[in-house]
Structures are given as C-alpha cells and as structure tokens.
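Comments concern the structure below.
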Amino acid sequence: MNYKSIGSLAAICALLLTIASSASAQTETPDETAAETDVGAGEETGAEAAPEATPISDEDFAKSLVGKTYTGSFELDGWTNVGGGLVLPPFYVQHYSREDGTVLVLTAKSAEEDGSSSDFEITDALTTDKPHKGYTFSTACMKGEDFTLRYMGEASGKDGAEWWTNLRKAWEIDVETGKISSVNARGVKCTNPNW
C-alpha cells in the first residue's frame, strides 16, 4: 500500500467522524439540550453553571456599599485608599481612587455619637470620573468661615497657595445624616494637597 492511499483513507475516516458527530449533535432534542445546561443550576457554588456576571456600574457598586458595617479601616479590592478623616462627630469620610482615575468617596457613621468607636456603618457613597487635567479631587474643603471640612471638590490652584479656590464641581456632606449631595462650587475652597 502506498502513502497516497493511506493519506486518502485517513482523510475519509476524518470526514466520516465529522459527519457522524454532526449528525448526533443534530438529533439531540431541545429537551436534552436544556437538561444538559440545567445540570448544576441549583448549585450556587458551581462556577461552571453560573451565568456570566453582568458588569455592575460604578454607581450601583457605590450604592451596594451603603449600610455595610466594618471595624477599623475599610479596604476595597481594586481601589487605593487615598485618605480621609473626621468630618464632624460621628461622621467620617474616606477617599478611594481606582487605577483609571475614578474616585469613590464613602461617608461612615461611628457607632458612638462622639466618634470614638472604631465600628462604623457606611451612610453614603459617591463615585465620580477622573478629575479633569490639572485638577485634583479633595475631601478637605470648606465654605466661607465654617471650618468644618464637610465639603469635597474637584479643585486646582497654585502650588504656593494654602487654599485652592478654582473648583469645577463640589459636594457637601450633611453632618446630621452623612448623606452626600452636589452643591454649587462658588465659595468652596480646598486645601492644597502639596501644602
């Protein structure tokens, strides 16, 4: 037998196998296919059976954090803790940044009214896009003569200035509820992060 005959015979066998497997796949009833895909559907721990997770928006992610409790510090995968601090007892603010520049801010209430407890409950969350070029997001802002740092903003200014007054956007933390709301940036000033 020569090599051409063996090659032809191998090609015919491969073709027959392809046709046979194609035919068996076509003869499967829809009920059989559904039964195969349902295997393990009742198991919550089966990674193969779980459908592809729909990406969650930043806003939905932030909302999902409200009400969570923690002790000490609150770390989030994929986010860098930039800093924060006491706004006014019992409320604290925490600033996070993601690699793409997205900003996440959480407000949390201490379990003790004087703010002395290390047990917290997240009261609100804010996400905002990466600050515009030349601007920095700051959680250390105030308005007028009220020295409570309950304002936040996207600010820019001169390196030699203690306060930056050029703000694109601003937010206020309600010192009664810990809720964050957008406010007019006029009159808000933020500490120079390099000061």
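Brief remarks follow.
- Selection over segment 132-157 of residues that are open to solvent by 40 Å² or more (accessible area, probe 1.4 Å), of a type outside the set (A, V, I, L, M) and either free of Cβ contacts under 8 Å to residues at least 12 places away in the same chain or within 22 Å of LEU104 (Cβ to Cβ) (or both) gives a count of 9.
- Every residue from segment 96-122 that is open to solvent by 20 Å² or more (accessible area, probe 1.4 Å), in a strand (DSSP E or B) and not hydrophobic (A, V, I, L, M, F, W, C): SER97, ARG98, LYS109, ASP119, GLU121
- Some residue of segment 81-92 being out of contact with any strand residue (DSSP E or B) (no Cβ under 8 Å at 6 or more places or on another chain) and at pLDDT 55 or above: no
- Flag for GLY83 being surrounded by fewer than 17 Cβ atoms within 10 Å (Cβ to Cβ) and in contact with a Lys or Arg (Cβ under 8 Å, 6 or more places away or on another chain): no
- Close Cβ contacts (under 7 Å, 6 or more residues apart or on different chains) running from residues in segment 60-79 that are loosely packed, with under 11 Cβ neighbours inside 10 Å to residues that are at pLDDT below 95 comprise THR71/SER118; GLY72/SER118.
The values are calculated or read from the model by the stated rules, or taken from the named source; none is laboratory data. Just so it is clear, the model here is predicted, and its values are computed rather than measured. Please note: Cβ atoms are built from the backbone with ideal geometry, for glycine as well, and neighbour counts cover all protein chains shown. Only protein heavy atoms, including side chains, enter the accessible area calculation; ligands, DNA and RNA are left aside. Shrake-Rupley method; radii C 1.70, N 1.55, O 1.52, S 1.80 Å.
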